[in-house]
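Peer 1: One structure, pasted below without further comment.
The values are calculated or read from the model by the stated rules, or taken from the named source; none is laboratory data. All values derive from a computational prediction rather than experimental measurement. No Cβ is skipped: glycine too gets one built from the backbone with ideal geometry, and neighbour counts run over all protein chains shown. When the accessible area is computed, the model is the full protein with side chains, heavy atoms only, and any ligands, DNA or RNA have been set aside. Shrake-Rupley method; radii C 1.70, N 1.55, O 1.52, S 1.80 Å.
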Amino acid sequence: MAIHFGGKSWGAVAQHEFRRMARDARNINHYRVQYAAIGWADRHGHASFQAGELAAILADKHGKPLSKQSTTGAVSRAKALDLVSPQSSAACLVLPRHLFQKEKEAPVPCRVHKDRR
């Protein structure tokens, strides 16, 4: 699968660095949601998490996971700012194709989004 952004220039990112930034409590939570989406995204731009996993990634500076309500709020703010797709939830963060594409790695069925490409 070739990466194509409609003839526009593009660059690459180190997903492990986005995972690190997602865990960094100094960053604002809605940006941490986007960082987690990029850091864990698969070939189709889906970043799936087990129950409570995203809350643990977004833990505060003392290592305390976010509450379910705070996690949902951070995802909602990220969606409102178009940092992640409106399809996103704490169970699966989705990046649109115009923002993220990945050539390697076989796709894994998304347990949340059954209609995934």
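Peer 1: His16 to Arg43: extension gain in nm, 0.36 nm per residue of separation minus the Cα-Cα distance? Intermediate values should be presented prior to the final figure.
Peer 2: On the way: separation 27, 0.36 × 27 = 9.72 nm, distance 1.51 nm.
Fully extending the segment from His16 to Arg43 adds 8.2 nm.
Peer 1: A further question follows. Before I look further, what does segment 9-111 give for accessible area per residue, probe 1.4 Å, in whole square angstrom? Write down the numbers at each step before the final one.
Peer 2: Values: 5870 Å² over 103 residues.
Solvent-accessible surface per residue comes out at 57 Å².
Peer 1: Here's another thing I want to ask about it. Per residue of segment 77-82, in order, report the coupling 6.51 cos²θ - 1.76 cosθ + 1.60 (Karplus, θ = phi - 60°) as ³J(HN,Hα) in whole Hz, putting x for Gly and Pro.
Peer 2: So the Karplus estimates, Gly and Pro as x, are 5, 4, 5, 4, 8, 6 Hz.
Peer 1: Bin width 5 Å, alpha-carbon pairs only: give the P(r) of the chain as whole percents, running from 0 to the bin holding the largest distance.
Peer 2: Per 5 Å bin, starting at zero, the Cα-Cα P(r) for the chain comes out as 2, 12, 23, 25, 20, 11, 5, 2, 0 percent.
Peer 1: A further question on this structure: Can you list the chymotrypsin sites (Phe, Trp or Tyr not before Pro) in segment 1-50 that are in a DSSP coil and have 12 or fewer other beta carbons within 10 angstrom? Walk me through the intermediate numbers first.
Peer 2: Details: sites: Phe5, Trp10, Phe18, Tyr31, Tyr35, Trp40, Phe49; in loops: Phe5, Trp10, Phe49.
Here the chymotrypsin sites (Phe, Trp or Tyr not before Pro) that fit, given the DSSP loop and packing criteria, are Phe5, Trp10.
Peer 1: To the nearest 0.05, how large is the calculated FRET efficiency for Ile28 and His98 if R₀ is 22 Å and r is the Cβ-Cβ distance?
Peer 2: Efficiency, from the Cβ-Cβ distance: 0.40.
Peer 1: Sticking with this one: Of all accessible surface on the chain at a 1.4 Å probe, what whole percent is carbon and sulfur? All intermediate terms of the calculation are to be shown ahead of the outcome.
Peer 2: On the way: 3840 of 7060 Å².
Percent of accessible area from carbon and sulfur atoms in the chain: 54.
Peer 1: Could you calculate the contour length gain from His4 to Ser67, that is, 0.36 nm times the residue separation minus the distance between their Cα atoms, to one decimal place in nm? Don't skip to the end; give the middle numbers.
Peer 2: Working: separation 63, 0.36 × 63 = 22.68 nm, distance 3.81 nm.
This chain segment gains 18.9 nm when fully extended.
Peer 1: Over the chain, how many pairs of lysines fall under 26 Å by alpha carbon, counting only those 8 or more apart in sequence or from different chains?
Peer 2: 11
Peer 1: Another question, if that's okay. For segment 55-68, just list the computed ³J(HN,Hα) in residue order, Karplus coefficients 6.51, -1.76 and 1.60, θ = phi - 60°, integers in Hz, with x standing in for Gly and Pro.
Peer 2: Running phi through 6.51 cos²θ - 1.76 cosθ + 1.60 with θ = phi - 60° gives 4, 5, 5, 8, 3, 6, 5, 9, x, 7, x, 5, 5, 4 Hz.
Peer 1: Can you pull out the trypsin sites (Lys or Arg not before Pro) in segment 1-61 that DSSP calls coil and that have at most 12 other Cβ atoms within 10 Å?
Peer 2: Values: sites: Lys8, Arg19, Arg20, Arg23, Arg26, Arg32, Arg43, Lys61; in loops: Lys8, Arg26, Arg43, Lys61.
Answer in residue order: Lys8, Arg26, Lys61.
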